[in-house]
1. Which of the helices (runs of 4 or more DSSP H) contained wholly in the stretch A:121-196 include at least 3 residues that are more than 14 Å from every other protein chain (Cβ to nearest Cβ)?
2. Quick check, is residue A:108 polar (S, T, N, Q) and within 29 Å of residue A:269 (Cα to Cα)?
3. Looking at the stretch A:206-228, is at least one residue assigned by TED's automatic domain parsing to the domain that holds residue A:127, in contact with a strand residue (DSSP E or B) (Cβ under 7 Å, 6 or more places away or on another chain) and under 14 Å from residue A:127 (Cβ atoms)?
4. Residue B:107 versus (1) crowded, with 21+ Cβ neighbours inside 10 Å; (2) assigned by TED's automatic domain parsing to the domain that holds residue B:225; (3) part of a loop (DSSP other than H, G, I, E, B): which is the lone unmet condition?
5. Return the total of residues in the stretch B:29-52 being within 14 Å of chain A (Cβ to nearest Cβ) and over 12 Å from the mean Cα position of the chain (by Cα).
6. Just to check your reading of the model, which residue among B:50, B:71 is of a type in the set (Val, Ile, Thr) and in contact with a Lys or Arg (Cβ under 8 Å, 6 or more places away or on another chain)?
7. Return yes when residue A:7 is within 30 Å of residue B:35 (Cβ to Cβ), in contact with a Leu (Cβ under 9 Å, 6 or more places away or on another chain) and at pLDDT 95 or above and no when it is not.
8. Does at least one position in the stretch B:23-30 carry a residue that is of a type in the set (Phe, Trp, Tyr), touching a strand residue (DSSP E or B) at 6+ places or on another chain (Cβ under 6 Å) and touching a residue at least 24 places away in the same chain (Cβ under 8 Å)?
There are 2 protein chains.
Amino acid sequence: MKNLCYLNGEIKSINDGVIGISDLALQRGYGVFDFGRTYNGKLFHFDDNIERLRRSASELHLSLPISKHEIHEIADQLIEESDLETPSVRLILTGGYSYSIPVLKRPNFIIIPEELPTYPIEIYDRGVKLITVEYQRELPHVKSINYLNAFRLEPLRREKNAFELLYHSQHGVTECPRSNFFAFLGNTLVTPSEYVLHGITRNLIIKLAANQFQVEERMLSVEELHNVDEAFITATSKRVIPISKIDNTEINNGSVGHRTKAIMRIFDEYTEEY
Amino acid sequence: MKNLCYLNGEIKSINDGVIGISDLALQRGYGVFDFGRTYNGKLFHFDDNIERLRRSASELHLSLPISKHEIHEIADQLIEESDLETPSVRLILTGGYSYSIPVLKRPNFIIIPEELPTYPIEIYDRGVKLITVEYQRELPHVKSINYLNAFRLEPLRREKNAFELLYHSQHGVTECPRSNFFAFLGNTLVTPSEYVLHGITRNLIIKLAANQFQVEERMLSVEELHNVDEAFITATSKRVIPISKIDNTEINNGSVGHRTKAIMRIFDEYTEEY
């Protein structure tokens, strides 16, 4: 068992996983990525990750150098040969080596098996705080490597003791830097429809919740945030995390509501059986 | 004579200039850079590049690991030992190695000597075409590595046979992805004051032009573009390139005007004597 990675056709030690400094991701931020995880040792809806990576790449005129089947096989092998408690995999596709924007060459394609980040159990019981920030991600439907704004605002997030930022723009409430946002207004579950990354967990929650609640994919105004009855965020590693506070407003009196608990249960059941 | 680079304290062959795949520039686009050039073999206003890199880094909570003096010395050495016709240097500072946003470690600092890109001589005689595109760079005063939008629109630029994009937003006309924009309205030279990167060539042109023209740093509306008498763009490698057309509108009947020629001459004289 050792730490491995895949780089342009070869599986190698993570220590040999290096990229030349003329790569366009390093020089010009030209890259897309995706992040898949396992449940019960098995990659979870991983084809959705690969498909989204392909779409992200395509929007930026890049293409995956190997097939979906091959990516799946390599990811399985990396997970098998790595010693990870809860394996996840990061897929990165960069613009490749070039010093000049018009002269594009072969992209660099990287697969890294990683230990899934974990979060304290208490936050699932008590909920977390979000702070609202005015910002619109540039190409929201593209999972690009651009997280500059999240890094820029990291000290603010810490200072405000918030778990995540909640972005809003002229389009309304959108998403968190690395999570999707959902709100209950009564028994109706609302999640922003556009100007967001369509998370794989998000899309599953929409499907699974529809058995029990009315679900609306639509834009949500900042004013409506004051009237939400419950809220939660979703992400691959985070699953469903309840929101107890947005800025200075407590949600559901600062405790986790029964509808959010129902969503967490539905999702847990789904992943346990996967 | 060989191809060299500087990486975290060491000068090495460019082939050994590699970065591990857990670097945050590769994973999350977390990096800033700057680009200096020589005239007559001497680095040109290079302290301005270093100072701007320091400011860009600071906005994103990064700091330069070595002093201005050391950077200057290393750049001089790299240029001396490289076989370049017109040497230029690229400085890149990344977020360093980490898999997690909150856990930041030591940044990676890279200096690469490069051959200065050259442009066909005709474009300085005839001018080039710009196409306008609605877009606002995220952190315009920060020279971050984020050029995703320029890559995304590269096919459009080619299709429209344009030399560069000219961005505008709710703030007015701003800049090109890698150049600053200037326009003459009569004998008054106007260049956007805010929401742009303050280019080193731009700042010099403002100073040098002031001896001969009235210079206004102010926002310029898209409508005003139809009434400009002359226009040009500036950048470190491009120097002063005249604009003969913006979208379908010819500037100065599609030829290079005498005021722009005066600016080109003033700048050439300044750099020849540097």
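The values are calculated or read from the model by the stated rules, or taken from the named source; none is laboratory data. Computed from a predicted structure; not experimentally measured. Don't worry about glycine lacking a Cβ; one is built from the backbone with ideal geometry, like all the others, and counts go over all protein chains shown.
1. The qualifying helices (runs of 4 or more DSSP H) are A:122-126.
2. Details: polar (S, T, N, Q): yes; within 29 Å of residue A:269 (Cα to Cα): no.
The answer is no for residue A:108.
3. Yes.
4. The single condition residue B:107 does not satisfy is (2).
5. So the answer is 4.
6. Values: B:71 fails: in contact with a Lys or Arg (Cβ under 8 Å, 6 or more places away or on another chain).
It is B:50.
7. Details: within 30 Å of residue B:35 (Cβ to Cβ): yes; in contact with a Leu (Cβ under 9 Å, 6 or more places away or on another chain): no; at pLDDT 95 or above: yes.
Judged against the criteria, residue A:7 is not a match.
8. We begin by selecting, within the stretch B:23-30, every residue of a type in the set (Phe, Trp, Tyr); these are B:30.
In the following step, the residues that additionally are touching a strand residue (DSSP E or B) at 6+ places or on another chain (Cβ under 6 Å) were identified as none.
The answer is no, given that none of the residues of the stretch B:23-30 is of a type in the set (Phe, Trp, Tyr), touching a strand residue (DSSP E or B) at 6+ places or on another chain (Cβ under 6 Å) and touching a residue at least 24 places away in the same chain (Cβ under 8 Å).
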